[in-house]
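Participant: Questions regarding the structure given below will be posed in turn.
The values are calculated or read from the model by the stated rules, or taken from the named source; none is laboratory data. Remember, it's a predicted structure, so these values are computed and weren't measured experimentally. Virtual Cβ from ideal backbone geometry, glycine too; neighbours counted across all protein chains shown. Note: accessible area is taken over every heavy atom of the protein model, side chains too, but ligands, DNA and RNA are not part of it. Shrake-Rupley method; radii C 1.70, N 1.55, O 1.52, S 1.80 Å.
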Amino acid sequence: MTEFCERLAITDAARAVVDQLRARHGALLFHQSGGCCDGSAPMCFAVGDFRIGSRDVCLGEVHGCKFYMSPEQFQYYENCHTTIDVVPGRGASFSLEIPLGVRFLIRSRLLTEAEQANLRPVGVGAED
Amino acid sequence: MTFQRPQFKPQYENYIGGRWVAPIDGKYFEDTSPIDGKLVTRIPQSSAKDIDLAVKKAWEAFPAWGKTSAAARSAILNKIADTIEANIQQLAMVETCDNGKGIRETLGADLPLVIDQFRYFAAAIRTESGSVSDIDSTLVSMEIHEPLGVVGQIIPWNFPLLMAAWKIAPALAAGNCVVLKPAEQTPVSILVLMELIGDLLPPGVLNVVNGFGAEAGKPLASHPDIKKIAFTGETTTGRLIMQYASENIIPVSLELGGKSPNIFCASVMDQDDAFLDKAIEGLVMFALNQGQVCTCPSRALVHESIYERFMEKCLPRVAAITMGDPYELTTMMGAQASNDQYEKILSYIDIGKKEGAQLLCGGQSYKNAQYPGGFYIQPTVFKGHNKMRIFQEEIFGPVLAVTTFKDDEEALAIANDTLYGLGSAVWSRDMHQVQTFVRGIQAGRVWVNCYHVYPAHASFGGYKKSGIGRENHHMMLDHYRNTKNVLISYAKEKMGFF
């Protein structure tokens, strides 16, 4: 079986926050937000609370959480590797980690040519 | 002139039913100032129970408030404006402390616009009319407006008082009662405002419940007894709000940001005059409010024939931006609103560098010697192309992405190659060219030879993914009302069907 290169990673600090939230809210997912204020950052929701759109792109899974974004936004992430990190702070969105006094954040780099040649295919919609 | 950090109570409560009410679960969170990272006060960490109480109190107030005459509602809105005006300095200092923006902006822009917003809607409801049509000689159709009832409003942190005013004023003017949730980064200015204006309104007409999005925002947005929800923020939460609204089949108004193009045509450089000077300032407007504006002109499109000469004039103007003490009137840029905002902006500056954009200035944090615990970032300018993420994603910080274009067609293509359509601007001495851009740009606001001007009575809202609704204009009244058609027959004869 082919070993795919992943588009996603997660830091240990972010893993610990995911564990804490999962214990309280059950299965989780991420959806990358756009737009003003707290946008351009990943939102963390309980699976089933945020409705994944039929065209949303699933970039993969990190620490048991699928990571989605709108297809329009994905155009600009196609060549990027994304790491989910967490920093102290206070966002104003509905993301679940905010009451803990922390905020998820993404760090990005360009995918290498070798990675691009062997990327895990993205999924579409909630089924993937 | 230097202002002072204002005094706060050690703890604030929710404002529900005309009284200060402790959160039912007794939980509070710490509100800090981004200027120095230090504690401001403690704020209720409310839950669904507090939202339920506020919605209940708002409905108790609605039967009377909804029937209050336009003259009486208008008079109250004018009193609110007068009270804010009488306390402008205190409110400006509070806003600066909680948000981090310079006092020159809160005193010179935010608060004057807040005052005017209340006066504008006070006037609008005195001067508007419904409509009457003669359908035929015996049938008259009347369109009349009635308030929705109790509405929910979720306020952002970039202009806490002004965005609250943009939502409160039309909702109250239209005869609704409001349950409002301030942003958790910047809750205190709205609470200080309620200390000043609370008594001007009947109890329960305007309720403020604090807390986090997941714990208080969600119960508000999904509450079965609200008749409308208004939100300013980002797209994913915007989608979630629409999803909750779909469960109750209620209207939403959303303002979700942009990536606004600021287009500089070649004729800008035809003369070295006051207009050129204004255009240079127009480019530097990306730094206003530390770039934390939904309409931040974060993409500058400059005609290739003037690029070098124009940027030679603009970059020194960026370098001349004074940073320092936000309480000092001469400071042009203050702190970013929170640590996570600060970290996110730096992460996007890093993305710009990795994408190969050319850094023209800034590109790092600003070390504020007076406030080492605050969150400051240097105004930053990159040159690149429109497919880069720094050209496509809203950074919500003082980061400008500049590119060039060869002709009007290419400029329009670049301007519209974005998910958003909130703000935009065109700078030109040629009125025919201006008109091409005005009609070609897909955005709710096109500034012509100006930027960042927000007078009441100039509608504000988005095309594309930037949202739904038009604030800052009397058309917002119809986002807060039902329309009732009264069809009156003066004919005595039956229709003849039965």
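Every residue, every condition in (1) within 14 Å of chain A (Cβ to nearest Cβ); (2) in contact with a Ser or Thr (Cβ under 8 Å, 6 or more places away or on another chain); (3) not aromatic (Phe, Trp, Tyr), yes or no:
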position: B:322; (1), (2), (3): no, yes, yes
position: B:334; (1), (2), (3): no, yes, yes
position: B:339; (1), (2), (3): yes, no, yes
position: B:361; (1), (2), (3): no, yes, yes
position: B:371; (1), (2), (3): no, no, no
position: B:381; (1), (2), (3): no, no, yes
position: B:403; (1), (2), (3): no, no, yes
position: B:410; (1), (2), (3): no, no, yes
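Participant: Could you tell me whether region B:33-47 includes any residue that is in contact (Cβ under 8 Å) with a residue 40 or more places away in the chain, under 24 Å from residue B:145 (Cβ atoms), among the β-branched types (Val, Ile, Thr) and not assigned by TED's automatic domain parsing to the domain that holds residue B:289? Please lay out each step first, then the result.
Facilitator: First pass over region B:33-47, keeping only residues in contact (Cβ under 8 Å) with a residue 40 or more places away in the chain: B:33-38, B:40-41, B:43-47.
After this cut, where a residue has to be under 24 Å from residue B:145 (Cβ atoms) as well, the list is none.
There is no residue in region B:33-47 that is in contact (Cβ under 8 Å) with a residue 40 or more places away in the chain, under 24 Å from residue B:145 (Cβ atoms), among the β-branched types (Val, Ile, Thr) and not assigned by TED's automatic domain parsing to the domain that holds residue B:289.
Participant: Counting only residues that are surrounded by 24 or more Cβ atoms within 10 Å (Cβ to Cβ) and not hydrophobic (A, V, I, L, M, F, W, C), which one in region B:252-281 is nearest to the other protein chains (Cβ to nearest Cβ)?
Facilitator: Checking each candidate, the answer is B:257.
Participant: Could you check how many residues of region A:55-73 are within 20 Å of residue A:6 (Cβ to Cβ) and within 11 Å of chain B (Cβ to nearest Cβ)?
Facilitator: Of the residues in region A:55-73, 5 are within 20 Å of residue A:6 (Cβ to Cβ) and within 11 Å of chain B (Cβ to nearest Cβ).
Participant: Please indicate, with yes or no, whether at least one residue in region B:126-135 is outside any strand (DSSP E or B), within 30 Å of residue B:89 (Cβ to Cβ) and either open to solvent by 20 Å² or more (accessible area, probe 1.4 Å) or not small (Gly, Ala, Ser) (or both).
Facilitator: The answer is yes; a qualifying residue exists.
Participant: To continue, here is another question. Going residue by residue through region B:238-248, is there one that turns out to be more than 14 Å from chain A (Cβ to nearest Cβ) and either in a strand (DSSP E or B) or farther than 27 Å from residue B:437 by Cα (or both)?
Facilitator: So far as region B:238-248 goes, yes, one or more of its residues are more than 14 Å from chain A (Cβ to nearest Cβ) and either in a strand (DSSP E or B) or farther than 27 Å from residue B:437 by Cα (or both).
Participant: May I ask you to list the residues in region B:282-330 that are within 28 Å of residue B:36 (Cα to Cα) and aromatic (Phe, Trp, Tyr)?
Facilitator: B:286, B:327
Participant: So which residues in region A:90-123 are open to solvent by 40 Å² or more (accessible area, probe 1.4 Å) and within 10 Å of chain B (Cβ to nearest Cβ), if there are any at all?
Facilitator: A:90, A:100, A:107, A:109, A:110, listed by residue number.
Participant: Please verify whether residue B:226 is surrounded by 24 or more Cβ atoms within 10 Å (Cβ to Cβ) and outside any helix (DSSP H, G or I), treating the condition exactly as stated. Show your work before the answer.
Facilitator: Values: surrounded by 24 or more Cβ atoms within 10 Å (Cβ to Cβ): yes; outside any helix (DSSP H, G or I): yes.
Yes: the conditions hold for residue B:226.
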